[in-house]
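The values are calculated or read from the model by the stated rules, or taken from the named source; none is laboratory data. Source: prediction; values computed, not measured. Cβ placement follows ideal geometry from the backbone for every residue including glycine, while neighbour counts extend to all protein chains displayed.
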């Protein structure tokens with residue numbers, strides 16, 4: 001069984017950014033289907049990307065719903081900085097603040113997770 005942490009740093013405002021977010025969700029879906037140990041984390045502008053795909057009118061919303069339970073959370077600091085804290089809370093997304101109000105990538109690595117970034 002693989003141990004993978006997917007960190008999404010892209011938002012969906014550009015075609016390229018949307019592609020990165022969707023690719024991260026598809027990758028998460030593949031690991032989830034194989035019952036691998038998975039952490040899906042949204043950081044930086046990725047907090048905006050997450051808020052966007054959580055909206056029912058998003059082209060990627062169905063995919064978001066398929067992997068929703070695999071989402072570990074979003075960076076607490078960045079959710080505030082990018083103005084999406086309340087939108088994430090309304091969608092039940094945990095806010096992560098293990099290290100200086102950010103998710104701890106060091107902890108993931110020390111626990112043996114391979115970290116993929118999108």
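Yes or no: the range 11-24 includes at least one residue that is under 12 Å from the mean Cα position of the chain (by Cα) and surrounded by fewer than 18 Cβ atoms within 10 Å (Cβ to Cβ). Checking the range 11-24: at least one residue is under 12 Å from the mean Cα position of the chain (by Cα) and surrounded by fewer than 18 Cβ atoms within 10 Å (Cβ to Cβ). For the range 44-73, which positions are within 8 Å of the chain's Cα centre (by Cα) and crowded, with 22+ Cβ neighbours inside 10 Å? Listed by number, the residues that qualify are 46, 47, 50, 71.
Identification of helices (runs of 4 or more DSSP H) wholly contained in the range 29-118 with 3 or more residues that are in contact with a strand residue (DSSP E or B) (Cβ under 9 Å, 6 or more places away or on another chain) and either over 22 Å from residue 13 (Cβ atoms) or at pLDDT 95 or above (or both) yields 46-53, 76-81, 85-90, 105-110. Does the range 86-97 hold any residues that are surrounded by 15 or more Cβ atoms within 10 Å (Cβ to Cβ) and either in contact (Cβ under 8 Å) with a residue 24 or more places away in the chain or over 10 Å from residue 75 (Cβ atoms) (or both), and which are they? Scanning the range 86-97 gives 87, 88, 91, 93, 96. Of the listed requirements (1) in a strand (DSSP E or B); (2) closer than 13 Å to residue 75 by Cβ, residue 6 misses just one: (2).
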